[in-house]
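A.B. asks: Pasting a structure here, questions to come.
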Amino acid sequence: MAWRPAPSWYHLSSFPWPKSINHDLHPTGSQILQYCNAAADALKLDVRLNTEVLSVERVDKGTDEGAGGGWRLRLSVKAGAADGAATQEKVVYDRIVVCIGQYGAAQKRRLATLLPAPGSGLLLSCTVRGAELPGEAEFVAACGRVVSESDLHEDPGAVLRGRRVAVVGFGKTALDIVMLARTYGAAVPVQHVFRSARWAIPRYIAGLHFMHLLFMRASTAMIPAWGQPFALERLLHAGAGLVVSLFWRMIGAIVTAQHIFDAARPLPALAPKQPQPPTAASKFCGFAAGPVVNVTASSAAGAAAAAGAAAAAAARRRRMELVTRPAEPIRAALRSSLGIMPVGYVAEVAAGRVEPTRGEVTGLVGGGASAPGQEGGKGRGCAWRTAAWCTLMWSAVEADPDGVQLYRHVLLPGETSLAFNGTNTCFMHVTATEAGALWLAALWRGEMELPPVAEMRAAVEQVRSWKRQHCLFEATRLSGTNARFQQYIDTMLKDVGVSPYRRLPNLLSEVLIYYTAGDYAGMVDEYLRSRKRSGARKLRPLPVAM
């Protein structure tokens, strides 16, 4: 699995990818780890591994631990290797930035609330996702497995090869895992089960990487957002937003046309990892909305051949419609989990080697799974009643609340010594995190004056309400900035007096060529220069809900 955007987005603005790291167009996890290690060394960062935060408590002002107040962290520190002996330490800091991201713990744990608790400092309340399904114990006892993406990091083939696999969900991780199952030899067809299809962007559109079309300023200005920092953008989105509506209808048509084109393209060698061909003994016993058609097989001549071809074409159309025609308009899907369609996915669906099914898994039945209203062993929604070697890939079932909304996506209104950065995830995530860090630095240097708490809470509520009205549900809907990354970064930079226009005076480049992380290099120096020019004048955040 790989990072969605190109490496030109995924690096610190002042530290591009070293030439010594041979990375893919979409870097893999190991390549990103190489970059992180190189950045930590080059920037001399004090990174402390094998350290777990056990608790966070507020320290009152005037105490021996912290005369000015602050936060006491209780840490578990392991000496040497991760499995070494642990010792506990306590340390007090004036301020804390929580940077735990959004997708840890195999996507089964998510930060639901993080609020100062009266008398005890901090209350961390987590929602557990992926709780045991009805019948799961029997399924596992029959040698089935319920696994998540984290179980595939070391040796995907050991988990997938030769098994009947169903992947649940239509998020970006689910799409990747479907193709991972095909690549590492899961038996054909791989079952893909989801409540509803979502828009997924082709990696290439008309031969160009999707970023060229969708992430230049001329396109990001068309993205509806809870706050528009510029007057021209607000004018475009005023009223019915006819221009914006027509723009996204055009993009939706282009994306659908590209998927149809990709479905007909010949595939490269897809499964170099000893794929398991389908056999009578490993025939899948459910989840298919219709018979899986081997489109390479020939049938009898004449009427039988015509009937077979018609049935194959109808099955292909049904499968393609399930995955390429979402019910919602594309602009409603512009959120953080908007997936990039893996290369080969639509072609595998068209050929019947991936079988999509629209439904919801509600339980496992004796080594199988059942969907609502279906009996075990019957109909479209069940599988594996006797198949003891099946694997259920639990990837993206969404049943959680939609996160925590913060002021500027970094602060709890009324709490200035505890901040969050990195949960404001978006397509240009690293740059957004840098902009958030600069914003917090301006605040903590005493150079920014926040609005009254009531105004901050009103802004938070405005953003929360907008997201819930206009964005589809996901577990990170409120905390993330998602596809509105340009509006978010622009607002954060304007708040601290740094120009968001990184390519001017070249107007064509500013509007028609997407930004890279390198375009934001030097923003800290720009901030320091602007502070020298403005003297003691306090910065004030824009009156824009963000």
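A.B. asks: Looking at segment 404-433 only, could you name the residues that are assigned to a helix (DSSP H, G or I) and either over 21 Å from the mean Cα position of the chain (by Cα) or within 14 Å of residue 98 (Cα to Cα) (or both)?
C.D. replies: The one that is assigned to a helix (DSSP H, G or I) and either over 21 Å from the mean Cα position of the chain (by Cα) or within 14 Å of residue 98 (Cα to Cα) (or both): 433.
A.B. asks: Restricting to segment 219-241, give me the number of residues that are assigned to a loop (DSSP other than H, G, I, E, B) and either open to solvent by less than 30 Å² (accessible area, probe 1.4 Å) or in contact with a strand residue (DSSP E or B) (Cβ under 7 Å, 6 or more places away or on another chain) (or both). Walk me through it before giving the result.
C.D. replies: Step one: list which residues in segment 219-241 are assigned to a loop (DSSP other than H, G, I, E, B), which gives 221-230, 237-241.
Subset that is either open to solvent by less than 30 Å² (accessible area, probe 1.4 Å) or in contact with a strand residue (DSSP E or B) (Cβ under 7 Å, 6 or more places away or on another chain) (or both): 221-230, 241.
The total comes to 11.
A.B. asks: For the structure I just gave you, tell me whether residue 392 is over 29 Å from residue 317 (Cα atoms) and either buried (at least 21 other Cβ atoms within 10 Å of the Cβ) or at pLDDT 85 or above (or both).
C.D. replies: no
A.B. asks: So residue 154 passes all but one of these: (1) buried (at least 18 other Cβ atoms within 10 Å of the Cβ); (2) part of a loop (DSSP other than H, G, I, E, B); (3) of a type outside the set (Ser, Thr, Tyr). Which condition number does it fail?
C.D. replies: Condition not satisfied by residue 154: (1).
A.B. asks: Okay, next question. Pull up segment 190-218, narrow it to residues that are of a type outside the set (A, V, I, L, M, F, W, C) and open to solvent by less than 10 Å² (accessible area, probe 1.4 Å), then point me to the one that is nearest to the chain's Cα centre (by Cα).
C.D. replies: To start, the set of residues in segment 190-218 that are of a type outside the set (A, V, I, L, M, F, W, C) comprises 191-192, 195-196, 198, 202-204, 207, 209, 212, 217.
Restricting the remaining residues to those that are open to solvent by less than 10 Å² (accessible area, probe 1.4 Å) gives 191-192, 202.
On the way: 191: 22, 192: 19, 202: 16 Å.
Filtering segment 190-218 for residues that are of a type outside the set (A, V, I, L, M, F, W, C) and open to solvent by less than 10 Å² (accessible area, probe 1.4 Å), the one nearest to the chain's Cα centre (by Cα) comes out as 202.
A.B. asks: Output yes when any residue across segment 516-531 is open to solvent by less than 40 Å² (accessible area, probe 1.4 Å), hydroxyl-bearing (Ser, Thr, Tyr) and more than 26 Å from residue 445 (Cβ to Cβ), and no when none is.
C.D. replies: Looking for residues that are open to solvent by less than 40 Å² (accessible area, probe 1.4 Å), hydroxyl-bearing (Ser, Thr, Tyr) and more than 26 Å from residue 445 (Cβ to Cβ), one finds at least one in segment 516-531, hence yes.
The values are calculated or read from the model by the stated rules, or taken from the named source; none is laboratory data. Treat the numbers as computed from the prediction; the structure is a model and nothing was measured. Heads up, the Cβs are rebuilt from the backbone with ideal geometry, glycines too, and the neighbour counts pull from every protein chain shown. Surface areas here come from the heavy atoms of the whole protein model, side chains and all, with no ligands, DNA or RNA. Shrake-Rupley method; radii C 1.70, N 1.55, O 1.52, S 1.80 Å.
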